[in-house]
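Okay, so here's the structure we're looking at.
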Amino acid sequence: MKRNDYISWDEYFMGISLLSAQRSKDSHTQVGACIVSQDNKILSVGYNGMPTGCSDDEMPWDRNGEFLDTKYPFVCHAELNAILNHAAGSLQNAKIYVSLFPCNECAKAIIQSGIKEVVYWEDKYADTDGVKASKKMFELTGVKIRRYIPTNREITIRL
Ligand SMILES: O=c1[nH]c(=O)n([C@H]2C[C@H](O)[C@@H](COP(=O)(O)O)O2)cc1CO
Ligand SMILES: [Zn+2]
């Protein structure tokens, strides 16, 4: 008999996005992204982190202070990492599952790479101009945005 308590596609891909976020060294905000083809094949994953070669131990992780003493000019966002990690092939018509609504810089990369749907978990920076700009660009370009509706399913993975 067919098992029927299997996880849905949305739970699967958002779960992978949340698991990827656990790799982040950012103590304030961990972000994960999972890019999926139209027919539900995983194309790429990413999380927010310092550029390759910039040591996590030497780069700043602060949120406040002189700009160059904070993480902001350096950290590579989860969505951009996922897009850039997809070394070969096209992301045309793909979907991206993200744990945080994309900023305007990531929105541009999402649009330019051909991704057509954004499924997000959290939108904690909805009031910022960056996120407002993202929403404007997504609307103008017809990129669908959809909030993931939590199912409250709990999955324990003992590692
Ligand atoms: O879309 C995003 N994707 C993403 O990876 N990030 C990362 C950059 C930073 O490491 C962190 C945001 O830091 P904070 O919440 O402390 O300002 O999340 C932030 C956003 C939205 O701002
Ligand atoms: Zn971003």
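Results, tabulated for the structure shown:
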read-out	value
Residue count for segment 22-65, restricted to those that are among the aromatic types (Phe, Trp, Tyr) and part of a loop (DSSP other than H, G, I, E, B)	1
So residue 100, is it within 16 Å of ligand 2 (Cβ to nearest atom), without any contact (Cβ under 8 Å) to a residue 40 or more places away in the chain and surrounded by 14 or more Cβ atoms within 10 Å (Cβ to Cβ)	no
Selection status of residue 85, among the polar types (S, T, N, Q), on the phi > 0 side of the Ramachandran plot and modelled with pLDDT of 95 or more	no
Test: residue in segment 123-133 that is over 25 Å from residue 16 (Cβ atoms), open to solvent by less than 30 Å² (accessible area, probe 1.4 Å), within 11 Å of ligand 1 (Cβ to nearest atom) and not small (Gly, Ala, Ser)	no
Test: residue 10 is at pLDDT 95 or above, within 16 Å of ligand 2 (Cβ to nearest atom), surrounded by 10 or more Cβ atoms within 10 Å (Cβ to Cβ) and not aromatic (Phe, Trp, Tyr)	no
Any hit, segment 140-150, residues being closer than 23 Å to residue 51 by Cα, of a type outside the set (A, V, I, L, M, F, W, C) and assigned to a helix (DSSP H, G or I)	no
When residues of segment 66-84 are limited to those that are without any contact (Cβ under 8 Å) to a residue 40 or more places away in the chain and in a loop (DSSP other than H, G, I, E, B), the one most open to solvent (accessible area, probe 1.4 Å)	66
Flag for residue 36 being open to solvent by less than 60 Å² (accessible area, probe 1.4 Å) and within 11 Å of the chain's Cα centre (by Cα)	no
Some residue of segment 111-119 being away from ligand 1 (no atom under 14 Å from the Cβ), of a type in the set (Lys, Arg) and either under 17 Å from residue 35 (Cβ atoms) or out of contact with any strand residue (DSSP E or B) (no Cβ under 6 Å at 6 or more places or on another chain) (or both)	yes
Restricting segment 39-62 to residues that are in contact with an Asp or Glu (Cβ under 6 Å, 6 or more places away or on another chain) and either crowded, with 19+ Cβ neighbours inside 10 Å or in contact (Cβ under 8 Å) with a residue 60 or more places away in the chain (or both), the residue that is nearest to residue 10 (Cα to Cα)	48
Residues within segment 63-109 that are out of contact with any Ser or Thr (no Cβ under 8 Å at 6 or more places or on another chain) and β-branched (Val, Ile, Thr), tallied	3
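The values are calculated or read from the model by the stated rules, or taken from the named source; none is laboratory data. On a predicted model such as this, the values are computed, not experimentally measured, just so you know. Positions of Cβ are backbone-derived with ideal geometry, glycine not excepted, and every protein chain shown enters the neighbour counts. Just the protein is used for accessible areas: all its heavy atoms, side chains included, with ligands, DNA and RNA removed. Shrake-Rupley method; radii C 1.70, N 1.55, O 1.52, S 1.80 Å.
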